[in-house]
Amino acid sequence: MALRIIRIMGDEILTKKCRKVTELKPRYRELIDDMLETMYHAQGVGLAAPQVGVLKQIVVIDVSEEANQPIILINPEIVASSGEQTGQEGCLSVPGKAGIVTRANYVKVKACDENMEEITIEGEGLLARALQHEIDHLSGELYVSRVEGELMNVTQEEEG
Ligand code: NI
């Protein structure tokens with residue numbers, strides 16, 4: 001495993017659409033391991049492949065208190081959503097900033113896991129927010145385009 005460099009807003013790769021993964025090649029397994037290590041190291045709750053410069057539909061998320069319950073999603077797709085939540089959001093690709101974003105409070109996501117087995121995951125609150133935020137990255141969208149009002153300055157510990 002190795003830390004990867006996190007791309008920062010302004011890097012064109014963050015605005016591009018990611019391709020589906022059709023076969024889990026060894027280099028993607030390595031990528032997933034590296035993404036997890038990079039996310040935990042940066043104390044984030046999620047990371048999408050384009051944030052480390054790879055235009056593939058892969059995200060990792062961990063919203064658990066102990067940061068020991070990783071969720072790995074390949075080719076994720078939101079198939080249902082409901083409710084609304086408004087709260088602060090940040091991104092490892094937008095260091096030192098946060099903004100208020102309204103998202104669905106519940107989402108249901110279809111994806112493949114790290115073995116390319118089909119899975120369905122449901123989330124509410126923070127998990128739902130993380131799922132929507134990371135899946136946005138796969139279509140080249142950053143949360144800043146959804147921010148209500150101004151981006152705020154925050155300390156590192158508050159970043160998602
Ligand atoms: Ni992000």
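Numbers below:
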{"quantity": "GluC sites (Glu not before Pro) within segment 1-67: DSSP coil, no more than 13 neighbouring Cβ in 10 Å", "calculated": "GLU23, GLU65, GLU66"}
{"quantity": "Unit charges on C-beta of K, R, D, E only; dipole of the chain, Debye", "calculated": "680 debye"}
{"quantity": "5 angstrom amide H check on ARG7, placed H, neighbours 5+ away", "calculated": "VAL52, GLY53"}
{"quantity": "Inter-part distance where segment 55-105 and segment 135-150 are each reduced to a Cα centre, Å", "calculated": "11 Å"}
{"quantity": "More than 24 angstrom apart: percent of Cα pairs within the chain", "calculated": "26 percent"}
{"quantity": "For segment 41-112, Kirkwood radius (reciprocal of mean inverse C-alpha pair distance, Å)", "calculated": "13.7 Å"}
{"quantity": "Distance violations [Cα-Cα > 21 Å] among LYS17/LYS110; LYS17/LYS97; LYS25/LYS56", "calculated": "LYS17/LYS97"}
{"quantity": "Probe 1.4 Å - accessible area at LYS110, Å² to nearest ten", "calculated": "100 Å²"}
{"quantity": "Relative contact order (%) - criterion: Cα under 8 Å, at least six apart; region: the chain", "calculated": "26 percent"}
{"quantity": "In sequence order, calculated HN-Hα J values of segment 65-77 (Karplus, 6.51, -1.76, 1.60; Hz; x Gly/Pro)", "calculated": "4, 7, 6, 9, 10, x, 10, 10, 10, 10, 6, x, 8"}
{"quantity": "Estimated vicinal HN-Hα couplings, Hz - segment 16-32 in sequence order (Karplus 6.51, -1.76, 1.60; Gly, Pro = x)", "calculated": "9, 7, 8, 8, 5, 8, 9, 8, 7, 6, x, 5, 7, 4, 5, 4, 4"}
{"quantity": "Using θ = phi - 60° and Karplus 6.51 cos²θ - 1.76 cosθ + 1.60, couplings along segment 109-124 (whole Hz; Gly, Pro as x)", "calculated": "10, 9, 7, 10, 8, 5, 9, 6, 8, 5, 9, 10, 10, 10, x, 10"}
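The values are calculated or read from the model by the stated rules, or taken from the named source; none is laboratory data. The structure presented is a predicted model; accordingly, all values stated were derived computationally and were not measured. Positions of Cβ are backbone-derived with ideal geometry, glycine not excepted, and every protein chain shown enters the neighbour counts. Side chains are part of the model used for accessible areas, which takes the heavy atoms of the whole protein and leaves out ligands, DNA and RNA. Shrake-Rupley method; radii C 1.70, N 1.55, O 1.52, S 1.80 Å.
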